[in-house]
Every structure is written in structure tokens, then in C-alpha cells.
Amino acid sequence: MILLQFCSRKLGILSCCGLKPYTSKRAISLAMARPSSSLSDFRETFAKAKHIAIVTGAGVSAESGVPTFQGAEGYWRKWQAQRLATPEAFARNPSRVWEFYHYRREVMLTKSPNPAHIAIAECEARLSKQGRHVVVITQNIDELHKRAGSKNLLEIHGSLFKTRCTNCGSVVENYDSPICPALAGKGAPDLEVEDAGIPVEQLPRCHEKNCTGLLRPHVVWFGETLDSNMLTEVEKELDLCDLCLVVGTSSVVYPAAMFAPQVAARGVPVAEFNMETTPATTSFSFHFQGPCGTTLPPALARHKTERIS
């Protein structure tokens, strides 16, 4: 798998230099132990936590019917999605890439947050009234966490509903449907559909004063670096958290794949909620297998020790 390249104080060196992450003696011992699936034990840990970091991936959105473009679903028309999500693909054929992202934007306008998104947002709102902190660190670009009501949200890979000008660099929210007239009715994913071949001057353009530059989706593509300020915020949250949840992520795309193992390596409890085990499962304290919309709500529900305001 192509990895996201990034450079940051603690995490960046792992990907940029191909080095293995630091592993503490505790992490080694945890890796040898089988993670617990006891909900009551997790709930006791949850009740004591003051600063909770929740790392989410495509599995959360999949339960809302969002295409993950992973595995067997990894294709749009005859193109592997990862090959379209690169700056080189956009440079070669911006029309094709915009058709792909236009399709994804239009699909997302028909989807809604599911019980997992809602449980996370409700947990954040409830615990904030108790002086406790919840932050969501998501790899997803669909804004379903935002629509569910999450406020402390770090979208590390950007958003489908933001554009960035390739000329002036301006980043703007954009919920237009279609995003430009030339893309109306375009982007169907079916194998037999031909590329629209839209002239570049008819693709989304910048509306800033004295600029008509070509717009691109404001997302992090494979081969691009993550925003350094965003990574600094992520590192701060991971350093402070006393409980980490990993929800609906395969733990194979970097740098996010290293977030929870980094927390586990310093002895902080990590709970994984996923449809299956991942390469990182054995390094975590808890593992709950099944749909996130089923396993997560009872895990994050009000604990009997919580005061009601």
C-alpha cells in the first residue's frame, strides 16, 4: 500500500525514513497479551478518563452507506481509487479526478450520521459539562462527524466540501451541487461510463479577487504531506489523552496507523472498535468486534458514576 508521507516531531520520521516506531517494554508485554472484550472493564476505564482521544476511519462511515474505496470496493469505473487520489493523477487528467470527487460529494449529500457518529458527538457534549475532554481525530473526509455534532474535530485528511486553489492557495467551504455546471450529471461510477473529458477551463475555478485558478479538492492525496499544524495538534492530543479509542480503522494507512500504538506504548489504555482485528489489535487493551454503530453506543453511554447536570 502507498503510504502517506509526512514529517513531524515524533511521527514523521517513521514514515519519511522508513524506521520502525519506538516500542516500550510495556508495549511489548501488551503485544503478547490478548486484548480484553469486557465491556464492564472498559466502562470502568472510561469512567475515570479525563481526556479521551477517538481516532476514526472509513469503517465508521461505511455504516452510513458511504463507499470506502477499499478492497473490492476500491474502484471507480475501471480506475483504482488510490490512483486517482494523487497529485500526479490530477495533473494528468483533472477532469477525471474532478468527476470522481464530484461523485463522492453528491453521494455524501444523501448520507446521514449513524449511531456511532451520534454516540461520539453526544459523549463529547455530555463530558464537556463535567470538565472532561473528548477529541475526534478522523481520517474521513465526509464531514459526518461534524454533521453529527462533534465540535473538537481534527480532520487530518481534509474535507470533500472544501476546495483549494492551485494558483492562490485559498481554501473555501463549498457545498454547491453540482460544484460547477460542467459536472452536472457527471461522475457515474459504472464501469462502462466514459470519461466526460471536461475542458480544464470549465472545471471548478477560484472566485477570489483577481484569481481564476483551477480548484482542487482540499484533501490530502497519497504522496502528499499532512499539514504540519494539524499534526502538531494531533500530537498534543495524543500526549495528553488518558484513554484512546480506535474506531472503524484498518490501522494500515500512515500516519494514522501509528497514533493509537504510540499511545499504547506509553501505557495508556486503547480500545479498538472494528469489524475485524487489525495489525495493531494485539497492542491494545480492549477489542470490540462488530459494527461500530452497535458496539460503540453502549460503550460511551452515561456511566453510573457520572453526575447529571
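Suppose every Lys and Arg Cβ carries +1 and every Asp and Glu Cβ carries -1, with no other charges. What dipole size does segment 79-199 come out with about its Cα centre, to the nearest 20 debye?
Charge dipole, segment 79-199, about its Cα centre: 560 debye, nearest 20.
In whole angstrom, and with the biggest value first, how far do the Cα coordinates of the chain range along each principal axis?
Principal-axis extents of the chain (Cα, largest first): 59, 45, 40 Å.
Using the crude model of +1 on Lys and Arg Cβ and -1 on Asp and Glu Cβ, and no other charge, please compute the dipole size for the chain relative to its Cα centre, in debye to 20.
880
Nothing charged except the Cβ atoms of Lys and Arg (+1) and of Asp and Glu (-1): what's the magnitude of the dipole of segment 235-294 about its Cα centre? Round to the nearest 20 debye.
60
May I ask you to derive the FRET efficiency for D41 and N152 from their Cβ-Cβ distance with R0 = 30 Å, giving the value to the nearest 0.05?
After rounding, the FRET efficiency stands at 0.70.
Nearest 0.05, what FRET efficiency do E173 and D227 give at R0 = 22 Å with Cβ-Cβ as r?
With a Förster radius of 22 Å, E is 0.85.
If you average over every viewing direction, what projected area does the convex hull of the Cα atoms of segment 97-160 give, in nm²?
That works out to 4.3 nm².
Lys/Arg Cβ at +1, Asp/Glu Cβ at -1, dipole of the chain taken about the Cα centre: which of F46, A119, A256 is farthest positive-ward?
Checked the options; the winner is F46.
With a 1.4 Å probe and every protein chain left in place, work out the accessible area per residue of the chain in Å², rounded to a whole number.
Heavy-atom SASA per residue in the chain reads 47 Å².
Which whole-angstrom value gives the distance between the alpha carbon centres of segment 38-84 and segment 113-182?
Each part reduced to its Cα centre gives a spacing of 14 Å.
Can you tell me what share of the DSSP beta bridges in segment 171-304 is antiparallel? A percent to the nearest 5 is fine.
Here the antiparallel bridges make up roughly 10 percent for segment 171-304.
Give K111/K151; K129/K236; K209/K236; K78/K151; K146/K186; K48/K236 a once-over and call out the pairs whose C-alpha atoms are over 29 Å from each other.
Those over the limit are K209/K236; K78/K151.
Report the relative contact order of the chain, percent, no decimals, based on alpha-carbon pairs under 8 angstrom and at least 6 residues apart.
Value for the chain: 30 percent.
Would you look at the GNM of the chain, springs on alpha carbons closer than 10 Å, and say which of T249, T110, T68 moves the most?
Of T249, T110, T68, the Gaussian network model singles out T110 as fluctuating most.
Of C206, G223, G185, which is farthest towards the positive pole of segment 168-227's charge dipole, taken about the Cα centre with +1 and -1 on the beta-carbons of Lys, Arg and Asp, Glu respectively?
Toward the positive end, the furthest listed residue is C206.
Have a look at S61, Q80, P94 and report the one farthest towards the positive end of the charge dipole of segment 39-122, computed about the Cα centre with Cβ charges (Lys/Arg +1, Asp/Glu -1).
Checked the options; the winner is P94.
Once label points are set 7 Å from the Cα along Cα→Cβ at both E192 and C211, what is their separation, rounded to one decimal in nm?
4.3
Count neighbours as other Cβ atoms within 10 Å of each site's Cβ, and list the trypsin sites (Lys or Arg not before Pro) in segment 213-309 that are DSSP loop with at most 15 such neighbours.
Answer in residue order: R266, R302, K304, R307.
Using r as the Cβ-Cβ distance of K50 and V107, and R0 as 41 Å, what FRET efficiency do you calculate, to the nearest 0.05?
Between K50 and V107 the formula returns 0.60.
Within 10 Å of each candidate Cβ there may be at most 11 other Cβ atoms; applying that plus a DSSP loop requirement, which GluC sites (Glu not before Pro) in segment 246-308 survive?
Qualifying residues, ordered by number: E276.
Restricting to DSSP H runs of at least four residues, report the calculated mean residue ellipticity at 222 nm for the chain, -39500 (n - 2.57) per run over all residues, nearest 500 deg cm²/dmol.
-9000 deg cm²/dmol
Express the carbon and sulfur contribution to the solvent-accessible surface of the chain as a percent, rounded to the nearest whole number, probe 1.4 angstrom.
53
Enter the angle in degrees (range 0 to 90, nearest 10) between the Cα long axis of helix 39-48 and the first principal axis of the Cα atoms of the chain, meaning the one along which they spread out most.
90
The values are calculated or read from the model by the stated rules, or taken from the named source; none is laboratory data. The model shown is predicted, which means the values in this text are computed figures rather than measured ones. Every residue, glycine as well, gets a Cβ built from its backbone with ideal geometry; the counts of neighbours run over all protein chains shown. Ligands, DNA and RNA are stripped out before the accessible areas are found, and what is left, the full protein with its side chains, is counted by its heavy atoms. Shrake-Rupley method; radii C 1.70, N 1.55, O 1.52, S 1.80 Å.
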